[in-house]
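S.K.: Quick one: structure below, then a few questions.
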Amino acid sequence: MIDFDYAVPTSLSEAVSLMGSNGGSARMLAGGTDLLIMMRAGRRLAKLVVDAKSVPELNELSLTDSGLNLGAATSCKRIWDDEPVVQAYPALNDSASIIGSVQIQGRASVGGNLCNAAPSADCTPTLIVHSGVCTIAGPNGTRQVPVEEFCTGPGTNVLQPGELLVNIKLPSAPTNSGAHYLRFTPRNEMDIAVAGSAAFVQLDESKQNFASARISLAAVAPTPLFAKAAGDLLVGKPVNEESIQQAAEAAKAVAKPITDMRGTVDQRIHLVGVLTARALRKAVERAREA
Amino acid sequence: MAKVIVNAVVNGEPVEFFCEPRQSLLEVIRDVLLLTGTKEGCNDGNCGACNVILDGVLVDSCCVLGVEAQGKTVETIEGLAGTDGDLHPLQRTFLDLTGLQCGICTPGFIVSAKALLESNPNPSEHEIRLGLSGNLCRCTGYDKIVLAVQEAGKMLTEAKR
Ligand SMILES: Cc1cc2nc3c(=O)[nH]c(=O)nc-3n(C[C@H](O)[C@H](O)[C@H](O)COP(=O)(O)OP(=O)(O)OC[C@H]3O[C@@H](n4cnc5c(N)ncnc54)[C@H](O)[C@@H]3O)c2cc1C
Ligand code: FES
Ligand code: FES
């Protein structure tokens, strides 16, 4: 790996000033499962690597009355080890427990997954359907960006030089709601999504009709994709297979996949339909159990 | 780049070493601490040959920087046997049940299996296969590894009774 300096800030203000130093060539290190591999391959360069794991705000994982405060550097393991969080946000656990292996999940963070901005990122669609909002800190203060607007292309995001992701806030899940994320991979583990789908649903009091729904897709566009129209069309519709199929068709209509070594355009569009229907069914099941 | 002084506890012993920020924990363990039981397979997080336990968390040491070990505990394969040379139950069962052939993957499998058994002392075959899915073996076909882990789990549970 090419030489770099390493710093371990212990406060957010120190982290922000380090990220702004070195003419914008500083990079944040969370779990390193993307960054270190890319740096070794020469695909990312940094003069300074800033470790996120000693900044309290970046490592917070707390359930409050208003929802979940998910520090950007929180590892997948900390999520699946935290029973109340798993109970409150099972779809987040769906995502956190399929990234790589146990070894990878011990280090890989949700914020790193989002910042790395891979179209196939497994956490991002879940954050989107839960209406997550990013807190970003930088030399000019802090700002908020909805998760669905954070990624701008493969490997790129809205962070300006010197800015860092502090946390992602998920509002508390409303009553009668449920969510699920799943993906398709040829191997059961240690594989990257050919396509993925996350669904969040809120049912009405009778639990027979959709009150609201959000759907987001992985690996079928240059960024993780918020399929807004597909979720919106479910509002007021009865919970049945016909409604679910309509939403799945609408999700297929917005998917813009490419053909690559993992799959073809046709296969991926087909998968979006199958996975979205499954994600919705499971989300409904969870909403009815809740 | 200037070398940095790092203080860590490796296999129960406090150690102080110099390393460059760009050196991975795997490089430090092998080339600086000269603990060559930990192996390099892929160097990109896919094979598990480099597995160690960092502050109680199983990691691929090729995906960790050596400087990140500052103030932390590191357990490598060398730390598993007792001070009197008594093998750990996993080391015993891998030998007795032939859970290895060429052996390059073995330290990683054993460290990974140790972490698995600590969180789940009596895993099913499926749980073992899932838990060890971050470890690759080109030789054995995995069946004997699974048996060895199951057997070691039983030995560890009985020893605790
Ligand atoms: C073997 C293997 C298997 C994998 N399998 C999967 C998989 O199944 N699904 C999947 O989605 N991904 C997978 N990945 C990719 C990776 O593990 C995930 O994307 C992970 O969530 C990245 O998190 P990290 O903490 O390791 O990020 P890092 O590598 O530390 O960081 C990733 C990027 O984000 C930046 N960054 C991190 N934190 C911040 C912050 N707070 N502010 C600003 N920038 C920041 C870094 O500078 C870097 O550019 C795999 C990787 C490996 C090596
Ligand atoms: S050498 Fe680290 S996972 Fe293969
Ligand atoms: S024994 Fe040879 S790779 Fe596993």
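S.K.: Just the residues that are away from chain A (no Cβ under 12 Å) and closer than 26 Å to A:L48 by Cβ, please, taken from region B:1-29.
M.R.: B:I5, B:N7, B:A8, B:E16, B:F17, B:F18, B:V28, B:I29
S.K.: Restricting attention to region A:6-29, report how many residues are surrounded by fewer than 18 Cβ atoms within 10 Å (Cβ to Cβ), assigned to a loop (DSSP other than H, G, I, E, B) and either touching a residue at least 24 places away in the same chain (Cβ under 8 Å) or among the aliphatic types (A, V, I, L, M) (or both).
M.R.: Total meeting the criteria: 3.
S.K.: List the number of the failed condition for A:A195; all other conditions in (1) closer than 29 Å to A:S101 by Cβ; (2) surrounded by fewer than 23 Cβ atoms within 10 Å (Cβ to Cβ) hold.
M.R.: Exception for A:A195: condition (2).
S.K.: I need a count of the residues in region B:118-145 that are surrounded by fewer than 22 Cβ atoms within 10 Å (Cβ to Cβ) and away from ligand 1 (no atom under 16 Å from the Cβ).
M.R.: Looking only at that region, the number is 18.
S.K.: Right, something else. Name the single residue, out of those in region A:30-52 being free of Cβ contacts under 8 Å to residues at least 24 places away in the same chain and under 21 Å from A:C123 (Cα atoms), that is nearest to the other protein chains (Cβ to nearest Cβ).
M.R.: Among residues in region A:30-52 that are free of Cβ contacts under 8 Å to residues at least 24 places away in the same chain and under 21 Å from A:C123 (Cα atoms), the one nearest to the other protein chains (Cβ to nearest Cβ) is A:I37.
S.K.: Would you point out which residue out of B:G37, B:G79 is more than 16 Å from ligand 3 (Cβ to nearest atom), out of contact with any Cys (no Cβ under 6 Å at 6 or more places or on another chain) and either of a type outside the set (D, E, K, R) or outside the structural domain of B:A148 (by TED's automatic domain parsing) (or both)?
M.R.: After ruling out the rest, the residue left standing is B:G79.
Every residue, every condition in (1) within 8 Å of ligand 1 (Cβ to nearest atom); (2) more than 29 Å from B:L116 (Cβ to Cβ), yes or no:
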| residue | (1), (2) |
| --- | --- |
| A:N113 | yes, no |
| A:T126 | no, no |
| A:T135 | no, yes |
| A:N140 | no, yes |
| A:R143 | no, yes |
| A:V147 | no, yes |
| A:L170 | no, yes |
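S.K.: Pick from region A:261-284 the residues that are in contact with a His (Cβ under 7 Å, 6 or more places away or on another chain) and closer than 16 Å to A:D122 by Cβ: which of them is least open to solvent (accessible area, probe 1.4 Å)?
M.R.: For region A:261-284, the residue satisfying everything is A:A279.
S.K.: Specify the residue that is nearest to ligand 3 (Cβ to nearest atom); the eligible residues are those in region A:44-80 that are open to solvent by less than 10 Å² (accessible area, probe 1.4 Å), assigned to a strand (DSSP E or B) and small (G, A, S).
M.R.: The extreme case among them is A:G71.
S.K.: Can you tell me which condition B:C63 does not meet? The list is (1) open to solvent by less than 10 Å² (accessible area, probe 1.4 Å); (2) closer than 20 Å to B:L136 by Cβ; (3) away from chain A (no Cβ under 13 Å), and all the others hold.
M.R.: Checking B:C63 against (1) open to solvent by less than 10 Å² (accessible area, probe 1.4 Å); (2) closer than 20 Å to B:L136 by Cβ; (3) away from chain A (no Cβ under 13 Å), the one that fails is (3).
S.K.: Something else: Quick check on A:I136: is it within 16 Å of ligand 2 (Cβ to nearest atom) and open to solvent by less than 40 Å² (accessible area, probe 1.4 Å)?
M.R.: no
S.K.: Next question, about the same structure. Can you run down the residue pairs with Cβ atoms below 9 Å, 6 or more apart or on separate chains, where the first is in region B:26-43 and open to solvent by less than 50 Å² (accessible area, probe 1.4 Å) and within 16 Å of ligand 1 (Cβ to nearest atom) and the partner is part of a loop (DSSP other than H, G, I, E, B) and among the hydroxyl-bearing types (S, T, Y)?
M.R.: B:L26/B:T38
S.K.: Search region A:106-118 for residues that are closer than 22 Å to B:N51 by Cα and pair each with any residue that is within 16 Å of ligand 2 (Cβ to nearest atom) and part of a helix (DSSP H, G or I) when their beta-carbon atoms are under 7 Å apart and the residues are at least 6 apart or on different chains.
M.R.: Final answer for the pair search is A:R107/B:C63.
S.K.: OK, next. If the requirement is being small (G, A, S), more than 9 Å from every other protein chain (Cβ to nearest Cβ) and within 25 Å of A:A287 (Cβ to Cβ), which of these qualifies: A:G67, A:G23?
M.R.: When all the criteria are applied, what remains is A:G67.
S.K.: I need the full set of residues from region A:105-133 which are open to solvent by less than 20 Å² (accessible area, probe 1.4 Å) and within 14 Å of chain B (Cβ to nearest Cβ), in order please.
M.R.: If the condition is that a residue be open to solvent by less than 20 Å² (accessible area, probe 1.4 Å) and within 14 Å of chain B (Cβ to nearest Cβ), then A:Q105, A:G106, A:A108, A:S109 are the ones that fit.
The values are calculated or read from the model by the stated rules, or taken from the named source; none is laboratory data. Worth saying up front: this structure is predicted, and the values here are computed from it rather than measured. Backbone-built Cβ (ideal geometry, glycine too); neighbour counts: all protein chains shown. Heavy atoms of the whole protein, side chains included, go into the accessibility calculation; ligands, DNA and RNA do not. Shrake-Rupley method; radii C 1.70, N 1.55, O 1.52, S 1.80 Å.
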